[in-house]
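Below is one structure, written out as structure tokens, with a few remarks after it.
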């Protein structure tokens, strides 16, 4: 949890944490990432892929894909009076902040989309609100100037990421769409493994 708090609150990537039995991994390959979550769901149930709201999603009956070049799964479907994560067919969908908030999973596979990246020059997490596709969340209050609005959007994206990253009770698998962020996460994970050996 401290590692996640540093990422979200301080916008920095701390050294890979000791996990004390919690299965925390970054996965480089989107196909392997999906397989890992699907395998956990077969064994334990309640394991799902969830992601930042960085891809088009409308409630117009059409299917919209998350990360078409990688994850390539549709956003969550909705069925009245049924919890998304408890429906077996949703293993082949990506849940959003709206379908997973307040609901714990055994394993969470989190797709960190293009709105969140890593800047190697500053060693900071950077947020790009222009890549965030949640139109409802982008409604601007009349009393906000441009800077206040931009800061509020960035904070909202980080808050959403915080919720997603804290859904897994037994494990958390990460797949970052942006190569710089993915490479940095993989390097941190590799450095921790090399010190364990």
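Within the range 122-134, work out how many residues are surrounded by fewer than 18 Cβ atoms within 10 Å (Cβ to Cβ) and assigned to a loop (DSSP other than H, G, I, E, B). Result for the range 122-134: 3. Just one of the numbered conditions (1) in a helix (DSSP H, G or I); (2) touching a strand residue (DSSP E or B) at 6+ places or on another chain (Cβ under 9 Å) is not true of residue 173: (1). Of all positions in the range 60-69, at least one carries a residue that is in a loop (DSSP other than H, G, I, E, B) and surrounded by 12 or more Cβ atoms within 10 Å (Cβ to Cβ).
In the range 133-156, the residues that are closer than 19 Å to residue 10 by Cα never reach a residue that is exposed (fewer than 15 other Cβ atoms within 10 Å of the Cβ) with C-beta atoms less than 6 angstrom apart, at least six apart or across chains. Taking the stated definitions as given, is residue 21 modelled with pLDDT under 95, under 24 Å from residue 188 (Cβ atoms) and surrounded by fewer than 18 Cβ atoms within 10 Å (Cβ to Cβ)? Here the answer is yes, as residue 21 does meet what is asked.
Does residue 13 meet the test of being under 15 Å from residue 165 (Cα atoms), touching a residue at least 60 places away in the same chain (Cβ under 8 Å), touching a strand residue (DSSP E or B) at 6+ places or on another chain (Cβ under 9 Å) and part of a helix (DSSP H, G or I)? For residue 13, the condition - under 15 Å from residue 165 (Cα atoms), touching a residue at least 60 places away in the same chain (Cβ under 8 Å), touching a strand residue (DSSP E or B) at 6+ places or on another chain (Cβ under 9 Å) and part of a helix (DSSP H, G or I) - is not met.
Could you list all residues from the range 74-89 that are touching a helix residue (DSSP H, G or I) at 6+ places or on another chain (Cβ under 6 Å) and surrounded by fewer than 21 Cβ atoms within 10 Å (Cβ to Cβ)? Quick ask: steps written out before the conclusion?
So in the range 74-89, the residues touching a helix residue (DSSP H, G or I) at 6+ places or on another chain (Cβ under 6 Å) come out as 76, 84.
Result: 84, single match.
Within the range 19-33, the set of residues being assigned to a loop (DSSP other than H, G, I, E, B) and free of Cβ contacts under 8 Å to residues at least 40 places away in the same chain comprises 19, 20, 21, 29.
Exactly one residue among 71, 37 is in contact with a helix residue (DSSP H, G or I) (Cβ under 6 Å, 6 or more places away or on another chain), under 30 Å from residue 123 (Cβ atoms) and in contact (Cβ under 8 Å) with a residue 40 or more places away in the chain, and that residue is 71.
If the condition is being closer than 30 Å to residue 68 by Cβ and in a loop (DSSP other than H, G, I, E, B), then the range 138-170 contributes 139, 140, 166, 167. Taking the listed residues 142, 137, 108, the one that is modelled with pLDDT under 90 and either surrounded by 14 or more Cβ atoms within 10 Å (Cβ to Cβ) or within 18 Å of residue 176 (Cβ to Cβ) (or both) is 137, with no other qualifying.
The values are calculated or read from the model by the stated rules, or taken from the named source; none is laboratory data. Everything quoted here is computed from the prediction, not taken from an experiment. Positions of Cβ are generated from backbone atoms using ideal geometry, with glycine treated the same way; all protein chains shown enter the neighbour counts.
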